[in-house]
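The values are calculated or read from the model by the stated rules, or taken from the named source; none is laboratory data. Computed from a predicted model, the values in this text were never measured in an experiment. Quick reminder, even Gly has a Cβ in these numbers, built from the backbone with ideal geometry, and neighbours come from all protein chains shown.
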Amino acid sequence: MNQVTFYLNGMTCESCEKLVRRAGEKSGVPILSVDSKNGCIVVDCVQEKIPVLKQALLEKGFSEKGTPPVLRGGLNGFLGFVRDVVASKKGAEYESKLFNYALGSGILFCMLAGVLFYLGVIPLLYVPFVFLAVSASVALAYSYAHAISYRENMSCMNGMMTGMTLGMIGGFLSGLLIGATNGMFIGSVAGIAVGIILGLGSGRLCGVMGAMEGLMGGFMSGMMGAMTSVMLLNDNLMAFLYFSFGISFCVLAFLSYMFYRESGDTQRAHQMAFGQFLFLGLYILAFLVAVMLYAPKGPLTVF
Amino acid sequence: MEKTFTIKGMHCTSCEVLLLDVISEITGVEKASAHYKQGTVSIQYTDASIPDAVKKAIEKEGYEVLS
């Protein structure tokens, strides 16, 4: 026995679901689930029985859809998703696990940073920037880990969206941060580097198109981040940093919701362990902090 | 013999198809038609026990038979 999922045209209500179930019973195919909202049905049968079932369904007026339907995601769905992740509800277990990983590694990174501040390796001047770097690296690690769990079945549109979002947010946050501490030049270079690596790494899952989006997103936003920081030096830069980091994290949460809605929970083949997650976050954090501390400073910085 | 039921709860073509499908399984029903807009199901039958069986079958699917 193997489970087969397909999509039907014309299912609109409970009666339709009943009809589909009856058609399944009559053709000897157990129907595991019917969802009239998106027209999706899951059956459990041998391959030879499927044409019989499809014929029976067609007689009742339900033809097969060639491609999965578009799932529309509203704001309500998003808030529900966030609730499910925080409360570790069924269907969002992996997202919830990653969320806990992110919290865990965030706490560990803060402790590590605390020790480095105490030992005097990092001057106390850098406290807000290191804090922002910790939150950025944890959030980016979460998104990257969530994206690559779909690496076997990322659709082209999803892959392009992923490459662009991760490239842009990664590049923007890094550019913004390093732009504030090291000036325009180093900020741009570091932002572009982080953006391109993240964008390329996640966008390549759907092939060259996604990789291309990742490259462009990383390149553009790295520069943009550093530019914004330097332009805002005399105009509430710190407030803007917190504000834009907050917005970026909301965007990343929405990206996570997009994966969840578009691909569902059945296809996440590659789940990450906590150790891997920790190192992923640590790479990003170490890079940002090292650049902040040891790269040359430009003429215009926050200090 | 003929009988027309008035039914509450039908709202689409699938409901019609579902009821016809259910009724067609009852032996002794010669002809059946359903109209969700009017909320009616009409049958032609041979045996006097049929209307009861049809009524039960309709109610089993979650519809209310008014008359």
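At a glance:
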item	result
In segment A:1-17, residue farthest from residue A:63 (Cα to Cα) [restricted to those that are surrounded by fewer than 19 Cβ atoms within 10 Å (Cβ to Cβ) and more than 32 Å from the chain's Cα centre (by Cα)]	A:1
Conditions (1) out of contact with any Phe, Trp or Tyr (no Cβ under 7 Å at 6 or more places or on another chain); (2) crowded, with 18+ Cβ neighbours inside 10 Å; number of the one not met by residue B:35	(2)
Residue satisfying all of: in segment A:203-236; of a type in the set (Ser, Thr, Tyr) and more than 18 Å from the chain's Cα centre (by Cα); nearest to residue A:186 (Cα to Cα) among these	A:229
Residue ranges of helices (runs of 4 or more DSSP H) in segment A:11-105 with at least 3 members more than 14 Å from chain B (Cβ to nearest Cβ) and at pLDDT 80 or above	A:50-59, A:75-87
Failed criterion for residue A:203 (all others in (1) in contact (Cβ under 8 Å) with a residue 12 or more places away in the chain; (2) surrounded by fewer than 17 Cβ atoms within 10 Å (Cβ to Cβ) hold)	(2)
